[in-house]
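Colleague: Below are the structure tokens for one structure; questions will follow.
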Amino acid sequence: QGAIAFKDVHFHYDPDRPILKGVSFEVPAGKTVAVVGPSGAGKSTISRLLYRFYDVQKGSITIDGQDVRDVTQKSLRAAIGMVPQDTVLFNDTIAYNIRYGRPGAAEEDIVQAAEIAQISHFIKDLPEGFETKVGERGLKLSGGEKQRVAIARTVLKAPPILILDEATSALDTTTEHEIQSALDIVSKNRTTLVIAHRLSTVVGADEIIVLKGGEIAERGSHAELLEQN
Ligand code: ADP
Ligand code: ADP
């Protein structure tokens, strides 16, 4: 469930500057495809188009054969989970931040999501910058801990499609490895689109697409791409 297909996708923010010039690729249901390429290549644009923050000017994007333009914004958002580069936390407890978007979520499901993301020890705390009515200060969370909150949110949401948009790029190497193994668990059996800036962070992807100058310059497994370069 959640098979993604980009077919001859053309996109520009400004008509004088095409960003995508005929991009085609598929993410089969349950598989992981990574998009890599230099900064400004249009990688994040691909995730925004899938989420339909913008519409393509030519070509199509489908999920399970259905054009995203024919899907309601509500069901599109329900189908896609996103772990962004930097997770922004709201002025409420970490548990509330995990529950965000799903007010009806059962308490035990939140507890379980927090366990999987390994943040059970601070779900009752507030994030940094906020304080409780009695003046208790929020907790300073590291970049990795914030990403774990985003992971817990995704575990709770359990969407068929997952977008990891440079989800580990702001972290130091040790934390990056820890968060990567948590993400590997969450993305298992989910259709996953990974946006990354380095080939070394997407070793496990079923296919890697290298985006350059608005086109797919190379594609293949990690081993195949290493051979070609
Ligand atoms: P990447 O993720 O590969 O770094 P992006 O998809 O974020 O690249 O951006 C591709 C290009 O589109 C960049 O040159 C960027 O400056 C430009 N761009 C991104 N968002 C907008 C926007 N909202 N309006 C105009 N140009 C944009
Ligand atoms: P939820 O996924 O919790 O139902 P939303 O539909 O509002 O909530 O957002 C889906 C995911 O997309 C969230 O995890 C959020 O971090 C991310 N997101 C929402 N808006 C943007 C945006 N403008 N840019 C990048 N990521 C976004």
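The values are calculated or read from the model by the stated rules, or taken from the named source; none is laboratory data. Note that the structure is predicted; figures quoted are calculated from it, not measured. Please note: Cβ atoms are built from the backbone with ideal geometry, for glycine as well, and neighbour counts cover all protein chains shown. Accessible surface areas use protein heavy atoms only, side chains included; no ligands, DNA or RNA. Shrake-Rupley method; radii C 1.70, N 1.55, O 1.52, S 1.80 Å.
Colleague: Could you give the nm distance between label points at E115 and A223, where each point is 7 Å from its Cα heading toward the beta carbon?
Modeller: 3.8 nm
Colleague: Using packing as a proxy for protection, rank 104-113, 73-82, 193-202 so that the peptide with the highest average count of other Cβ atoms within 10 Å comes first.
Modeller: Per-residue mean Cβ counts within 10 Å order the peptides as 193-202, 73-82, 104-113.
Colleague: Considering the chain as a Gaussian network with a 10 Å cut-off on Cα pairs, which listed residue, Y96, Y51, Y13, attains the greatest mean-square fluctuation?
Modeller: Y13
Colleague: A further question on this structure: Pull out a ≥ b ≥ c, the square roots of the eigenvalues of the alpha-carbon gyration tensor of segment 80-176, then state rounded if a/c is under 1.5, prolate if not and a/b is larger than b/c, and oblate in the remaining case. Show your work: numbers first, answer last.
Modeller: On the way: a/c = 1.83, a/b = 1.16, b/c = 1.58.
The shape class here is oblate.
Colleague: Under 13 Å from a point placed 7 Å out from the Cα of Q1 along the Cα-to-Cβ direction: which residues of segment 40-73 have their backbone N that close?
Modeller: 64
Colleague: On the protein heavy atoms, probe 1.4 angstrom, tell me the percent of accessible surface of the chain carried by carbon and sulfur. Could the numbers behind the result be given before it?
Modeller: Working: 5770 of 11800 Å².
Taking all protein chains in place, the chain shows 49 percent carbon and sulfur surface.
Colleague: Could you tell me the calculated FRET efficiency between D206 and K74, based on Cβ-Cβ distance and R0 = 22 angstrom, to the nearest 0.05? Spell out each step's value before the answer.
Modeller: On the way: r = 29 Å, r/R0 = 1.33.
Working from the Cβ atoms, E equals 0.15.
Colleague: Quick check on the chain: take the gyration tensor over C-alpha atoms, sort the square-rooted eigenvalues as a ≥ b ≥ c, and tell me if it's rounded (a/c under 1.5), prolate or oblate. Display every interim value, and only then the final one.
Modeller: Working: a/c = 1.92, a/b = 1.63, b/c = 1.18.
The shape class here is prolate.
Colleague: In whole Hz, with x marking every Gly and Pro, tabulate ³J(HN,Hα) for segment 214-221 from phi via Karplus 6.51 cos²θ - 1.76 cosθ + 1.60, θ = phi - 60°.
Modeller: x, 10, 7, 7, 8, 8, x, 6
Colleague: What is the distance, in nm, between label points placed 7 Å from the Cα along the Cα-to-Cβ direction at S39 and at A158?
Modeller: 4.0 nm
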